[in-house]
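A.B. asks: Sharing a structure with you now.
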Amino acid sequence: MSELRDLYQDVILEHSKAPRNFRELPAANHKAEGFNPLCGDRFTIYVTTEGDSIRDITFQGSGCAISKASASMMTQSLKGKNKAEAAKIFERFHKLVTGLEPSNGEAELGKLTVFSGVSEFPVRVKCATLAWHTLQAALEDKQEPVSTE
Amino acid sequence: MSTAANKVDARTQTQPRGRAGGLQTQASALDIEKIRADFPILQKTVHGKLLVYLDNAATSQKPRAVIDAITRYYEGTNSNIHRGVHFLSEHATAEYEAARQTAQTFINAAQAHEIIFVRGTTEGINLVAQTYGRAQVHRGDEVLITAMEHHSNIVPWQILCDERGAELRVAPIDDRGELQLDDFSRLLGPRTKLAAFTHVSNALGTINPVKRMIELAHGKNIPVLIDGAQAVPHTKVDVQALDCDFYTFSGHKVYGPTGIGVLYGKSALLEAMPPYQGGGDMISSVTFEKTTYNKLPYKFEAGTPDIAGVIGLGAALNYVNGLGIENIAAHEHELLAYATEKISAIPGVSLIGTAKERAGVISFVVEGVHPHDVGTILDQEGIAIRTGHHCSQPVMERFGIPATARASFAVYNTFGEIDALVRGIGKVREVFA
């Protein structure tokens, strides 16, 4: 049960039930769709950039608690960051959920460290990173939807 | 029973407990405890709990008899078949062909050469699409399937129809997950070259009225292929009584090894069909000018086959025969009735697929919880179920959901395991409360 509690931390459950920035962004100048064919998770990420800076970021779609909470918290933590900072945070986040980095990188990851429990559930890494890969595609203006397979 | 004993025994409890009135337990003809002992993997613990394996529609576990048959083959018989004059080759050939006869008897095919060994149901369907289909389906023709098919009974026909300029028609299902038979009948038209449909739905458990469907198709001279992947493990199949033209199933869902399955076809149809793959064993003679194909069934078995797999499949079918498929069906029917009663009584849980006739499968969703999260939490309890779209995305779309959680049963499952599943779902609701 303790591993389960590590995975489904209250913050994650709370975000999955009431996701932040969960809406379309009509003014977005970047947009991408990502899906996880294994479980049917599907998200669209909308981004408004100004120069190098992420002015606004929102998402829509459906998925499991992990993927939805991750998308929600991603939008919160990347708003106002520049692209290089966002890429750096994703890199740290990816290391965190794959267990390559201990969960003490608080300074950069902040609240996102609640996802450290994912590393004990390798099949769920794709859920935790789906929104992030989709954001990357949005910023690179990739036309093809992102697939985790 | 003391609480401690209760804890130890709960998971292998072979009789229903705390059952509400109405459902009577028949004395099972099978000793489930004894059967469980035949399956080594069922002794395994997962996350510190005794494994509760409820993902049998994906693949069943293998009894010792199957594992031993494969080991015995590799340790004592291994050699290539149909060509050697030496002792081992003759012995291997005899075992391989004996398994074909076992499969023939199992589905009551009229002749052994109507049994073609393939990799599984998927290959069986692709074989028919690529041989019979390519020879018979032309521009403007139609292939009819149903809205409850597995991707493997959709995509091969899409590929064929795209290639031939033909149209894939789909007979709809209702809100319970039952085929709308009138629409099916109406869609059998003058251009329909084949009707291909599942015997039992993998995502919903619906048992189709295949006998009636075949009669309807044959009434219009349309041949029929049946996807029997989810039916063969759970119900007696008699291809002659059904009068189907093709029937295909996978070994690994009926206690056999992965990578082997059976395509049954009526002799006359198979004779008339072009070969599937070219290679060794499927020929009578080869020159650079002309090749004469081998007779049935070898015409469709190019290359060295999965000999150990075939022998393992034979052992699996013999194992099922030993228990009696009717006894298996009766036990599973009780499990399904018990699970349906218990799971549908949990607040916030709805069943997806409530057809009157179902086999082996219970699909459900927990309100406010994605099936993937249900699967992870149950896994922590040592309970293996399938979550996702079950390779049936159109079915999910029909019900307006991305995925379901699916528990599916085999002969070794117990009422205690269903109780464990119910407790697990309780835990899911706790975590997400």
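Computed from the coordinates by the stated procedures, all read-outs in this text should not be read as laboratory data. Just so we're clear, the structure is a prediction, and the values are computed from it rather than from any experiment. When we count neighbours, we look across all protein chains shown, and the Cβ atoms used for this are built from the backbone with ideal geometry, even at glycine.
A.B. asks: Would you mind ranking B:Glu341, B:Glu271 by Cβ crowding within 10 Å, fewest neighbours first?
C.D. replies: Working: B:Glu341 15, B:Glu271 12.
Fewest-to-most ranking of B:Glu341, B:Glu271: B:Glu271, B:Glu341.
A.B. asks: Turning to a different aspect of this structure: Could you list A:Thr44, A:Thr148, B:Thr105, B:Thr198 in order of exposure, starting from the residue whose Cβ has the fewest other Cβ atoms within 10 Å? Intermediate results must be reported in sequence, preceding the final value.
C.D. replies: Working: A:Thr44 21, A:Thr148 18, B:Thr105 14, B:Thr198 28.
The fewest-first ordering by Cβ neighbours comes to B:Thr105, A:Thr148, A:Thr44, B:Thr198.
A.B. asks: Another question about this same structure. Counting only other chains, what is the mean number of Cβ atoms within 10 angstrom of the Cβ of each residue in peptide B:371-382? Mind dumping the intermediate values first?
C.D. replies: Working: counts 3, 13, 13, 1, 4, 11, 4, 0, 3, 6, 2, 0.
Mean partner-chain Cβ count within 10 Å for B:371-382: 5.
A.B. asks: With everything on Cα atoms, drop me the angle between helix B:415-431 and the longest principal axis of chain B, reported from 0 to 90° to the nearest 10.
C.D. replies: Here the helix axis deviates by roughly 70 degrees.
A.B. asks: Next question, about the same structure. Identify the trypsin sites (Lys or Arg not before Pro) of the range B:94-164 meeting these criteria: DSSP loop state and at most 10 other C-beta atoms within 10 Å of the C-beta. Each step should come with its number before you reach the end.
C.D. replies: Values: sites: B:Arg100, B:Arg119, B:Arg134, B:Arg139, B:Arg164; in loops: B:Arg119, B:Arg139.
Those that pass, being in a loop and sparsely packed, are B:Arg139.
A.B. asks: List nothing, just return the count: lysine pairs in the range B:66-322, 8 or more apart or interchain, with Cα separation under 25 Å.
C.D. replies: Lysine pairs meeting the criterion: 15.
A.B. asks: Taking chain B, how much of its Cα-Cα pair set, in percent, is spaced more than 35 angstrom apart? Intermediate values should be presented prior to the final figure.
C.D. replies: On the way: 29822 of 93528 pairs.
In whole percent, the share of Cα-Cα pairs in chain B beyond 35 Å is 32.
A.B. asks: Taking only DSSP H segments of four or more residues, each worth -39500 (n - 2.57), what value at 222 nm results for chain B once the sum is divided by all its residues, to the nearest 500 deg cm²/dmol? Don't jump to the answer; show the numbers that get you there.
C.D. replies: Numbers: 15 runs with 161 residues, N = 433.
Only helices count here, giving -11000 deg cm²/dmol.
A.B. asks: Can you list which of the trypsin sites (Lys or Arg not before Pro) found in the range B:330-433 are DSSP loop residues with at most 12 other C-beta atoms within 10 Å? Provide the component values of the computation, followed by the final result.
C.D. replies: Working: sites: B:Lys342, B:Lys356, B:Arg358, B:Arg386, B:Arg398, B:Arg406, B:Arg423, B:Lys427, B:Arg429; in loops: B:Lys356.
Passing both the DSSP loop test and the Cβ count: B:Lys356.
A.B. asks: Here is a further query. Using only Cα atoms, tell me the angle between helix B:307-323 and the longest principal axis of chain B; keep it within 0 to 90° and round to the nearest 10.
C.D. replies: 50
A.B. asks: Separate question: Average partner chain C-beta neighbours within 10 Å, per residue of A:58-66? Write down the numbers at each step before the final one.
C.D. replies: Working: counts 0, 0, 0, 1, 4, 5, 11, 8, 4.
Across A:58-66, the average partner-chain Cβ count within 10 Å equals 4.
A.B. asks: May I ask you to derive the FRET efficiency for B:Ala433 and A:Asn29 from their Cβ-Cβ distance with R0 = 51 Å, giving the value to the nearest 0.05? Before the final figure, lay out the partial values.
C.D. replies: Values: r = 40 Å, r/R0 = 0.79.
So, using R0 = 51 Å, E works out to roughly 0.80.
A.B. asks: Which lysines have a Cα less than 30 Å from the Cα of A:Lys88, not counting those fewer than 8 places away in the same chain?
C.D. replies: Cα-Cα hits under 30 Å: A:Lys17, A:Lys31, A:Lys68, A:Lys79, A:Lys111, A:Lys126, A:Lys142.
A.B. asks: Near the amide H of B:Ile383, under 5 Å away, which other amide H atoms are found, from residues 5 or more places off or on another chain, if H is placed in the peptide plane?
C.D. replies: Distant-sequence amide H within range of B:Ile383: B:Val52.
A.B. asks: For B:Lys62, list the aspartates and glutamates whose Cα falls under 16 Å from its own Cα; do not include residues on the same chain fewer than 8 positions away.
C.D. replies: The reachable aspartates and glutamates, counting only those whose Cα sits under 16 Å from B:Lys62, are B:Glu33, B:Asp38.
A.B. asks: For the range B:93-172 and the range B:257-292, what is the separation of their Cα centres, given in Å?
C.D. replies: Spelled out, the Cα-based centre of one part sits 14 Å from the other.
A.B. asks: Using only the alpha-carbon atoms, how far is helix A:65-78 inclined from the longest principal axis of chain A? Give it as 0 to 90 degrees, nearest 10.
C.D. replies: 50
A.B. asks: Oh, and also: Given the rule -39500 (n - 2.57) for each run of at least 4 DSSP H residues, summed and divided by the residues of chain A, what is its mean residue ellipticity at 222 nm, to the nearest 500 deg cm²/dmol?
C.D. replies: Details: 6 runs with 62 residues, N = 149.
So the helix-based figure for chain A works out to -12500 deg cm²/dmol.
A.B. asks: Jot down the per residue volume, in cubic angstrom and as a whole number, of the convex hull over the alpha-carbon atoms of the range A:2-147.
C.D. replies: Numbers: hull volume 13.8 nm³, N = 146.
Cα-based convex hull of the range A:2-147, divided per residue, equals 95 Å³.
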